Amino acid sequence: MCNVVVVRPGSTLFDEQERIKGSLDMPLSAAGVEQVHRIAIEIAKLPISTVYCGPCESAQSTAREIAEQTRAKWKVCDCFRNLDHGLWQGKLIDELKRQQPRLFKQLQENPRSFCPPGGETVACQRDHCSGHSGTAGKLDRGQIKGNRPWGPLEVGVR
């Protein structure tokens, strides 16, 4: 039997500023590096065989640190990429609440079907994931059930 541990990447400056990162590629902040180091040490006690991560820099940095601490291999899987938030990427969450209250309310009420201006829905991201047959297909067939459209780091434990 395979167990799965899901770890979000460490924080970026956008996370700390409460901005929408979406699919923008950003490095870990200093606080994010510290978060990853602490969780990697804690996870090192588990029998990790493979760490799967999305293609963004923060996810790869997180995966690399966990893999190093656990002596596991790590793989980038495009189907774990973050959702594209289009024109909302880089915006402050409070700014969106004030400037686009109707759209923000739609997001709160039905996040799975909501599409930010110029972005993609969760369904669109799932369609993208279903087209991947390699690692993603293997994960979906047994190790991990469902998609993770918000882009967390996936850690496979055997």
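Listing for the model above:
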{"read-out": "Enumeration of residues in the stretch 72-84 that are assigned to a helix (DSSP H, G or I) and surrounded by 21 or more Cβ atoms within 10 Å (Cβ to Cβ)", "value": "Cys79, Phe80"}
{"read-out": "Count of residues meeting criterion [in a helix (DSSP H, G or I), of a type in the set (S, T, N, Q) and either farther than 14 Å from Arg81 by Cα or touching a Ser or Thr at 6+ places or on another chain (Cβ under 6 Å) (or both)] in the stretch 32-60", "value": "2"}
{"read-out": "Search result, residues across the stretch 43-71 that are of a type in the set (A, V, I, L, M) and over 15 Å from Val7 (Cα atoms)", "value": "none"}
{"read-out": "Answer residue from the stretch 5-25, given it is of a type in the set (A, V, I, L, M, F, W, C) and under 12 Å from the mean Cα position of the chain (by Cα) and is farthest from Lys91 (Cα to Cα) among those", "value": "Val6"}
{"read-out": "Matching residues in the stretch 117-127 - criterion: being in a loop (DSSP other than H, G, I, E, B) and surrounded by 12 or more Cβ atoms within 10 Å (Cβ to Cβ)", "value": "Gly119, Glu120, Thr121"}
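The rows are residues; the columns are (1) among the hydrophobic types (A, V, I, L, M, F, W, C); (2) surrounded by fewer than 20 Cβ atoms within 10 Å (Cβ to Cβ).
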{"residue": "Gly10", "(1), (2)": "no, no"}
{"residue": "Phe14", "(1), (2)": "yes, yes"}
{"residue": "Glu18", "(1), (2)": "no, yes"}
{"residue": "Ala31", "(1), (2)": "yes, yes"}
{"residue": "Gly86", "(1), (2)": "no, yes"}
{"residue": "Leu96", "(1), (2)": "yes, yes"}
{"residue": "Cys115", "(1), (2)": "yes, yes"}
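Rule-based calculations on the coordinates, nothing more; no lab input. For clarity, every value in this text was computed on a predicted model and none was experimentally measured. Cβ coordinates were reconstructed from backbone atoms using ideal geometry, including for glycine residues, and neighbour counts include every protein chain displayed.
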